[in-house]
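The values are calculated or read from the model by the stated rules, or taken from the named source; none is laboratory data. What you see is a predicted model; the values in this text were computed from it and never measured. Please note: Cβ atoms are built from the backbone with ideal geometry, for glycine as well, and neighbour counts cover all protein chains shown. The protein model used for the area step is the full one, side chains on, heavy atoms only, and it has no ligands, DNA or RNA in it. Shrake-Rupley method; radii C 1.70, N 1.55, O 1.52, S 1.80 Å.
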Amino acid sequence: GDVGEVDSTGVFTGGYQGYARVTAVGFIRGQQGSQVLGEALVRVLPEPPARIALDPRPARLVAGSRLTLAATPFSKHGDRRSDPVTFTSSNPRVATVSADGRLRAVAAGRVTLTAKAGPATETLVLQVLPNTVTRLSVEPAAPTVRTGDVVQFTATAHNAAGRSLGD
């Protein structure tokens, strides 16, 4: 199958991650129809990480924001890996990130966050904006609903002058 293959000389070549059962058949000399079987169960491990998928991938955050970055390493053939991923920040005065991905936007500026798993790395460039939010409004403020109803809420951030800050 896709896990691996054995050539005519008995050499096993691993394919995709998984288990392969390899069976060898030998015949006893001088005894027609007599055969001996040997088996081996081969575990094919995934290749080392080649890329890391990050989620979420914000481009901008407001100072004071916190979120957790999830990182999933993959081999070059797309097999999911379970390697630990560690994070670093190029400028902890702008944003900090713990080794396990807990991100905190500290102050306005630009920062590059780096995720690393084995030889694979992934970067995320982040702009931290100053926090000028003084009030949030949620609409509708007091909806009346029944079981099964769906209500769409919107939140709007406002500055000290009462103006909407957009996104």
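Quick notes
- Restricting Val133, Val138, Val125, Val145 to residues that are within 30 Å of Ser75 (Cα to Cα) and β-branched (Val, Ile, Thr) narrows the list to Val125.
- On inspection, Val111 does not qualify as closer than 18 Å to Pro56 by Cα and either in contact (Cβ under 8 Å) with a residue 24 or more places away in the chain or acidic (Asp, Glu) (or both).
- For the criterion of being out of contact with any helix residue (DSSP H, G or I) (no Cβ under 7 Å at 6 or more places or on another chain), over 30 Å from Val3 (Cβ atoms), open to solvent by 40 Å² or more (accessible area, probe 1.4 Å) and modelled with pLDDT of 95 or more, Arg29 fails.
- Within region 5-26, considering residues that are modelled with pLDDT of 90 or more and not β-branched (Val, Ile, Thr), the one farthest from Gly78 (Cα to Cα): Asp7
- From the list Ala24, Ala63, Ala40, the one residue that fits, being closer than 30 Å to Gln127 by Cβ and open to solvent by less than 80 Å² (accessible area, probe 1.4 Å), is Ala63.
- Residue pairs whose Cβ atoms lie under 8 Å apart, separated by 6 or more positions or on different chains, with the first residue in region 28-54 and in contact (Cβ under 8 Å) with a residue 60 or more places away in the chain and the second open to solvent by 70 Å² or more (accessible area, probe 1.4 Å), are Pro48/Pro119; Pro49/Pro119; Ala50/Lys76; Ala50/Pro119; Arg51/Lys76; Ile52/Lys116; Ile52/Thr121.
- Leu124 being more than 30 Å from Tyr16 (Cβ to Cβ) and either assigned to a strand (DSSP E or B) or of a type outside the set (Phe, Trp, Tyr) (or both): no
- The set of residues in region 103-121 being of a type outside the set (S, T, N, Q), in a strand (DSSP E or B) and closer than 12 Å to Val85 by Cα consists of Ala115, Lys116, Ala117, Ala120.
- Top-ranked residue in region 55-97 [being part of a strand (DSSP E or B), among the hydrophobic types (A, V, I, L, M, F, W, C) and under 22 Å from Gln17 (Cβ atoms); ranked as nearest to the chain's Cα centre (by Cα)]: Ala71
- Count of region 139-160 residues which are part of a loop (DSSP other than H, G, I, E, B), aliphatic (A, V, I, L, M) and open to solvent by less than 70 Å² (accessible area, probe 1.4 Å): 1
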